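Quick notes on the structure that follows.
Each reported figure results from applying straightforward, stated rules to the coordinates on display, with no laboratory input. These numbers come from a predicted model, not from an experiment. All Cβ positions, even for glycine, are placed from backbone atoms using ideal geometry, and neighbour counts span all protein chains on display.
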Amino acid sequence: MSKNVLKIENATMQFGGVVAVDNLNLEINEGEIVALIGPNGAGKTTAFNVVTGVYQPTNGAVWFNGEKIIENHPQGKMKKLYKGQHDGEYTGVIAPTPDKVTKLGMARTFQNIRLWKSQTVFDNVLIAKHCRATSNVFSATFRLNRKEEKEQREHVAELLNTVGLYDVKDELATSLPYGKQRRLEIARALAAEPSLLLLDEPAAGMNPQETDELTAFIGQIRDEFKLTIFLIEHHMNLVMDISDRIYVLDFGKLIAEGTPAEIQNNKRVIDAYLGVADDA
Amino acid sequence: MKKLMAAVLALVMALSLAACGGKSDSQDAQSGDSGNKVVKIGVFEPQTGDNGAGGKQEILGMQYANYVQPTVEIGGETYDVKLEIVDNRTTPENGKSAAAELVNRKVSMVLGSYGSGVSMAGGEVFQEAGLPALGTSCTNPQVTAGCDVYFRLAFLDPFQGTVLANYAYKELGVTTAYVLGMLGSDYDQGLVYYFTEAFEGLGGTVVAEDFPEGSANFVSYINNAKAANAGVIFAPVSINYAQLIVEAAAAQGFEGALLGSDTWDSNKVIESATGKDVTSFVTTFYQEGGNPEFDAGIKEWINANPDAKTNNGGNDMVAAVTAIGYDAYFTALEALKIAGSTDPKAVLEALPSVSFEGVTGLIEFDEIGDAKRDAAYIKTANTEAGVWDFVKVQTVG
Amino acid sequence: MQQILPYIINGISVGGQYALIAIGYTLVYGILRLINFAHGDVFMVAGLVMVYATTALPFYVALPLVLAATVLLGFTIERVAYKPLRTAPRMSVMISAIGVSYLIQNLAFYITGGVPQPVTRPIPWISENVIILGASTKRVTLVTPILTILLVVVLVYLINHTKIGMAMRAAAKDFETAQLMGIKINAVISMTFVIGSFLAAVGSMLYFTNYPSVAITSGGMPGLKAFVAAVFGGIGSIPGAVVGAFIIGLCEELIKGAGYTTFSDAFTFAILIVVLCVKPTGLFGEKVTDKV
Amino acid sequence: MTMTKKKTIFTAAVLAVLLAACVVVDMLLPSYHIAVVVIKKATVYSLVAVSMNLLNGFTGLFSLGQAGFMLLGAYAYAVLTIPVDKRPGVYQYFDGGALKFSLPEIFTGFMGDTVGSTVGMLLALLVGGVLAALMAYLIGLPVLRLKSDYLAIATLGFAEILRAFFQWNALGPITNGSNLLKSYPTFSHATPYVILAGLMIAIIVLLINSTYGRAFKAIRDDEVAAEAMGINLAKHKRMAFIISSFFAGIGGGMMAMYMGTIAAAPFKSTLTYEILLIVVIGGIGSITGSVIASFLYIFSSEWLLRGLDSGTFLGINAPGIFKNGFRMAVFSVIIMVIVLFFRKGIMGDKELPDLLDKKARKRKKEAAGK
């Protein structure tokens, strides 16, 4: 099949004595839309944070485009506290900060929208271009980078056109309606020119109509920007509609993976969501 | 909201401008209440900050002199003398704008300041404006040496430092001295330097330390002095720190003597020492009783004048700086008389030829602009009566 | 030993004074996450009130008056300058704190005429000299640490065994949840300021008995150093603040004794920076993580 | 596009008028006139306030180390420019000091008096800025990892340490210990100050509107999002810190120039607080605001409101109320009112050109309201 974009390998994230993600293994191939689902508190966002460099995993590794970008093993106090598996298999430490991960070609959105509040729609997207700028602070200050700046602005305008926010480009980001803010956050992530886009509950708080629009939108950008998409979502309609494959987390552990159809009929998944009576 | 605020700000600006305009108009009028012409003498003194207390006492001398002699004959005409007092807040950074303010008020001459650093900062402005200034109790040589328009009544740091070193070594028979100055104060550090030089020159040993600005806890410093077996602690510091050092020395049972410079000659320091087991000596320009007529007059004036009494620290003890302020005023009048004009340039030319007997001694200037002084009064704190007792007149050598 | 003893006695005493101020910082920071820049100035005002009150009134009236006035000041500052900014960004509150500090200093300047005020009638008994182990010192030097420990024990008891103490602990743990659980957060915060100011007033009386001159800037350095002590001990922790204060006080006096007097203040800040960089949680502080 | 053009013309016109006014003041009044003195001081404060705003207002780093960096700049300027023949007098306790050259004198040798000494003075300012920037780099390594209030207190502490070092007698041959540095050359007129500070502020404005400036603002608005969008937090914070300190250093050098004599004592935390409050009055995040507030503050405190301290104000003679310290008391009350009730300050986060643009004004108002 097509090439492997993201691989999470034996990743365990432990906070003190609490294991938030337990030995997670997951792969995403080029062009796929993969969803990560699970009940609240299952460790989905933690997994995202591990992949994007916000958290350093306690043990395990993350590969991106065939390259190992994150690796860690229990150290210091964690040596004693560690409850996960594969202890001692990893020896290296690779801990890039989130910005480095983004520069490698991974961009994300947030569960609770995190736009830059005092900036306009246009500037929100333009700032995301900063990580692709080649000018140094001196040339930027004295406007020796006019060409690059012009190209960036053109690209942002184009991007805003594509996502349908061009007409509100001079509005403040926070003055937009909720659905458009979500869309803007995606546009901002796209501006960082990722090959893998991570969406953390993009449909949270949306009504069914907005969700449908978003579903179409995600498909549209995947095709247009030739993206691979990894998303966390609770809206099952959306997940089932657009996902190629689905991973299910519960209490930090992977309990199922497969196509939407397979997942829909998986007993463990149903139990996880609906709960099982203890004495059953 | 924003507009309202802008309007308010604008209003404040406009009003204050108007206030300033109004004020300067009345000041420019060249005739006073009595119908006489007015000559303005600037007073450049700290009223606030570390030297605020000393500055206020110095101003008292000038105000009293102004009360005694409110007019002056210049070129055959009688002028009323008006004192223009600005607060230089002890610090050089405020000194500059205070000095500019005086220039702005079109004074013929400036008196002050207490403290050398601020005088040097002001000196830059006076020099630029060609305005003569008469330093009162600023004792750093650089005040007059680096500035053509600055003259001075006080003795200099090298003189004072040497006098105290001599006194400590020869009269008190001390061979080890502990020297303490405030970090960042050029007055303190200057005296520390000259004292150390002289004391070591005599064959003594000096342990020098400094304390950061704003210190209140001098206990460990006193302990350091004790550990060094110092016979004296020389601390040429401002009044506030002098009080705290006296207090700490008493509490820690320091058995040697405390040596202070002219700043110590204050009723506040005496207050702190009263009733405590400490010995202290200070050098100063004037000893109460040196001129009974002046003493009696100013005491009466201070007692009749509640504000003056507050500024003097709540009693009628005459500080040396008050005497020097008094002399400064009369020196200015002499210079104005000789100049025969209120023009600062004429006054500047007249100053070197001033010669008269003030309450602190004969006042004449050398070629640098410093008063010719070869003696300092040494006083000691009488901790029972709460007064300064005269010890001797000390000269160098 | 004989040589070093006076420094140790003095250092412990200084530590006690810092401790009484540091508790004010640590309590407020624990709940509001605010460095109360005005706390040092509250301490200074207590000194000023003492100077004025003791000259005019007998001690048994003057000293309670100092306590009452300081507590009132602390309470008022919180109500006027911090409460309206409860939902504002942290920087605004901190600026407000700096503004209050500036205001208090300038008002004190206006009232005192900018001239340091000597304590002319020091509190009797504790201001007298005593000789211990051959070293002379004021009695307050010995009283300070004892009184400090006593007050801290009472305070810790209050916090662990009373309702308001429990509310304070809850608010320090999680401000919003405590509010949701029906804790009257404003009352708790006011109480924090009242306790902090009360202890600062006690500290102030001891401090200015020892060093009897109150300048408008007198609160600045002790305030900053007490804050450093609070950070050193782990901000938010009362025992931490006390231990930190004693350590800072001792170190400071020993540094002076060792002859590095030029850097006696600078040293405290060096400790601060080192602690912040190496162990920002201090000796007893708890780790706080930000949620993404 | 026309709007942009209009704004540019408007801004240029306002600036030209201000500069012309300054030149006229210089021609009409002697350099020691209080008006000239306050213009100089206000200009220096503007630059320092703007540099602080760059850090606190635009990058959201709450640093209180400004006084320390100014100290470095001021000393660098003074030490490098004191004429050689004046050095024995200035360094009276340190055998004339360790340095035996003066930058302006070196340049007068081959560039003529006026040009040479100006070049020397500017170079000394630049050295001050670079030293401050270097120091900022070193300090920044450990300190910038700290969060808001810890950062504030650490930078404050650093400034205090620096001050103790400069007053240390062992460094006396260079810093003159506790004693004043003086006799160095200064610009006597206000115009050079205005032009110099204006240029520096212009550079800061250009920076803020560049891609890096936008990144700074992103960090201020939301650090986590900024990092997720590929902005290297450590690098950009360090950059903002260094640049701000560079300009604070230059501002310090100009402060030395304005004061005529320099000592370490004035560079206390009080100075930092004063500048911070100016920034707040002007509006955190507005360059124009900082400049306006500096001028308002300095003009009124040094000149217009002096009457509040000396007995008579607005023709009311009340020595009992209008005595020493009243002016500053009134000021601090005004500041508290601004801090509590007009949190946006004079300008909010608007700039001079925004005054023309109603839409921008409305938009920013909304933002501030959020």
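Some points to look at:
- Between region D:183-238 and region A:41-101, the C-alpha centres lie 36 angstrom from each other.
- Long hydrophobic helices in chain A: the complete DSSP H runs spanning 18 Å or more by Cα along their own axis with mean Kyte-Doolittle hydropathy of at least -1.0 are A:178-191, A:208-225.
- C-alpha center-to-center spacing [region C:213-273, region C:130-197] in angstrom: 19
- Shown here for region C:96-137: chymotrypsin sites (Phe, Trp or Tyr not before Pro) in loop regions (DSSP other than H, G, I, E, B) with at most 16 other Cβ atoms within 10 Å, namely C:W125.
- Mean Kyte hydropathy of 0.0 or more with a Cα span along the axis of at least 24 Å, helices from DSSP in chain D: D:2-28, D:34-53, D:113-143, D:148-167, D:190-208, D:233-259
- Estimated translational D of region D:35-266 in µm²/s (Stokes, Kirkwood radius over Cα pairs; 20 °C; 1.002 mPa s): 118
- Gyration tensor over alpha-carbon atoms, the protein assembly as shown, equivalent ellipsoid semi-axes in Å: 62, 37, 27
- For peptides D:67-79, C:56-68, sequence by mean Cβ density within 10 Å, most packed first: D:67-79, C:56-68
- For C:T55, D:T114, B:T283, B:T91, the sequence from fewest to most other C-beta atoms within 10 Å is D:T114, C:T55, B:T91, B:T283.
- Between 0 and 90°, nearest 10: helix B:186-201 axis offset from chain B longest Cα axis: 40
- Cα convex hull, region D:217-256: 52 Å³ per residue, rounded to a whole number.
- Pairwise Cα distances in region C:61-177 exceed 16 Å in 79 percent of cases.
- Value at 222 nm in deg cm²/dmol, rounded to 500, when DSSP H runs of n ≥ 4 in chain A each add -39,500 (n - 2.57): -10500 deg cm²/dmol
- Among A:130-143, C:20-33, the peptide with the highest mean count of other Cβ atoms within 10 Å heads the list, and the full ranking is C:20-33, A:130-143.
- Number of partner chain Cβ atoms within 10 Å, mean per residue of B:179-189: 6
- Using a Gaussian network model of chain D in which every pair of alpha carbons under 10 angstrom is joined by a spring, one finds that among D:L19, D:L314, D:L99 the greatest mean-square fluctuation is at D:L314.
- Residues with amide H under 5 Å from that of D:L29, placed H, sequence gap 5 or more: none
- Mean-position separation - Cα centroids, region B:177-245 and region B:332-356, in angstrom: 40
- Eigenvalues of the alpha-carbon gyration tensor of region D:6-83, scaled by 5 and square-rooted, set the equivalent ellipsoid semi-axes at 27, 23, 10 angstrom, largest first.
- The ranking of C:S204, D:S183 by Cβ neighbour count inside 10 Å, starting from the fewest, reads D:S183, C:S204.
- Simple rule: put +1 on each Lys or Arg Cβ and -1 on each Asp or Glu Cβ in the protein assembly as shown, find the dipole, and look at D:S290, D:M259, B:G340; the Cα lying farthest toward the positive end is D:S290.
- Simple rule: put +1 on each Lys or Arg Cβ and -1 on each Asp or Glu Cβ in chain D, find the dipole, and look at D:L196, D:S244, D:N209; the Cα lying farthest toward the positive end is D:N209.
- Couplings for region C:162-177, taken from phi via the Karplus curve 6.51 cos²θ - 1.76 cosθ + 1.60 with θ = phi - 60°, read 10, 5, 5, x, 5, 4, 5, 5, 4, 5, 5, 6, 8, 3, 5, 4 Hz in order; Gly and Pro are left as x.
- Using the Cβ-Cβ distance between B:E77 and D:M27 with R0 set to 41 Å, the FRET efficiency from 1/(1 + (r/R0)^6) comes to roughly 0.70.
- Structural descriptor for chain B: relative contact order 17 percent, calculated from alpha carbon pairs under 8 angstrom and at least 6 residues apart.
- Scaled radius of gyration (Cα, divided by 2.2 N^0.38 Å) that region C:130-289 gives: 1.17
- Averaged over B:86-93, number of beta-carbon atoms from partner chains that fall within 10 Å: 5
- Taking amide hydrogens as placed 1.01 Å from N in the peptide plane, the amide H of A:I69 sits under 5 Å from those of A:V62, A:W63, A:F64, each at least 5 positions away in sequence or on another chain.
- Taking chain C and dividing mean pair separation by its residue count, relative contact order in percent (alpha carbons under 8 Å, at least six apart): 36
- Average other protein chain Cβ within 10 Å of Cβ, residues A:119-132: 5
- Rounded to whole numbers, the Karplus 3J(HN,Hα) couplings from phi for region C:126-137 are 6, 8, 7, 7, 9, 10, 10, 6, x, 10, 7, 7 Hz, using 6.51 cos²θ - 1.76 cosθ + 1.60 with θ = phi - 60°, and x at Gly and Pro.
- Per-residue Cβ neighbour counts within 10 Å put C:C251, D:C22 in the sequence C:C251, D:C22, beginning with the fewest.
- Helix C:5-32 vs. chain C, principal-axis angle (Cα, 0 to 90°, nearest 10): 20
- Average Cα contact separation per residue, chain A, under 8 Å, 6 or more apart, as relative contact order %: 25
- Karplus-based coupling profile of region C:68-74, in residue order and whole Hz: 5, 5, 5, 4, 4, 4, x, with θ = phi - 60° in 6.51 cos²θ - 1.76 cosθ + 1.60 and x standing for Gly or Pro.
- Overall Cα dimensions of chain C, principal axis frame, Å, largest first: 58, 44, 36
- Its DSSP H runs of at least 4 residues, each contributing -39,500 (n - 2.57), put the calculated 222 nm mean residue ellipticity of chain D at -22000 deg cm²/dmol, to the nearest 500.
- Under 5 Å, built H, 5+ apart or other chain: amide partners of B:V110: B:G42, B:A133, B:L134
- Using a simple spin-label model with pseudo-atoms 7 Å out from Cα toward Cβ, B:E200 and B:K309 lie 5.0 nm apart.
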